[in-house]
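One structure is given here, and the rest of the page talks about it.
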Amino acid sequence: MEDCEQFKDGSVKDASVRGFLHRASGADPDCLVLTHGAGANCQAPLLKALAEAFCAAGVTVLRCDLPFRQARPHGPPMRGSAEKDQEGLRAAVAAMRRESAGRIFLGGHSYGGRQASMLAAAAPGLVERLLLLSYPLHPPKRPEQMRTKHFSSLQTAALFASGERDGFGSDAELEAALNLIPAETELLMVPGAGHELMTARNRAELPGRVLEAFQEFSKG
């Protein structure tokens, strides 16, 4: 049985929170809200592995379903769902503020990370750090369609973790894009990985590597 509990919070109108809470021991631990990509849900193996690693290190983790996934179990986000998905993340952050007086971090894989970064850009100070996994810098083979319009407004420090074979953005493209962000940033490249980030070969060591990088990034 997983060492986590189902979590639901409907205290914010039109922005219910649904997912699983990995509760760390100790008083007022730091908390990480972690969400999924466009084709997944909060049960994605990457999210579960990271949640377990962070929780074991003393961080409470809420892995949650975005509103578009709460609305239907399969399929990509509907057109126009981004605003609702960001409000869902805002509600999840508020729920964690009620859980602990520690720092609150926000992150997600692919689409989820993009929505997290857009929310943070629009709401400076909402969270203390961002963890952006496989940020979808542009659609595959369409580098002219950069998803960086909000980067110049991002005041929240962000750690990006990306696979070196990710078709949504090369290391060179990511490094150039991160220069647009005025806040502190760091890029963790994962050898041999694609957009999924976690593979059969790196499954055992990836969660610990991301955890270690984020812990170092979040010092102070």
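The values are calculated or read from the model by the stated rules, or taken from the named source; none is laboratory data. Keep in mind that this is a model prediction, so the values were computed, not measured. For neighbour counting, all protein chains shown are included, and Cβ atoms are generated from backbone atoms with ideal geometry for every residue, glycine included.
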* From Ala40, Ala51, which residue is modelled with pLDDT of 95 or more, in a loop (DSSP other than H, G, I, E, B) and not basic (Lys, Arg)? -> Ala40
* Asked: Only one residue in Phe160, Phe151 is free of Cβ contacts under 8 Å to residues at least 60 places away in the same chain, buried (at least 24 other Cβ atoms within 10 Å of the Cβ) and of a type outside the set (Ser, Thr, Tyr). Which one?
  -> Phe160
* When you scan region 54-83, how many residues do you find that are among the basic types (Lys, Arg), farther than 16 Å from Leu106 by Cβ and at pLDDT 95 or above? -> 1
* Can you name every residue in region 121-136 that is closer than 20 Å to Pro77 by Cα and buried (at least 24 other Cβ atoms within 10 Å of the Cβ)? -> Leu132, Leu133, Ser134, Tyr135
* **Test: residue in region 175-192 that is among the aliphatic types (A, V, I, L, M) and closer than 28 Å to Met78 by Cβ** => yes
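Residue-by-condition table, conditions (1) of a type in the set (Val, Ile, Thr); (2) surrounded by fewer than 18 Cβ atoms within 10 Å (Cβ to Cβ):
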site: Gln43; (1), (2): no, yes
site: Leu47; (1), (2): no, no
site: Cys64; (1), (2): no, no
site: Val93; (1), (2): yes, no
site: Ile104; (1), (2): yes, no
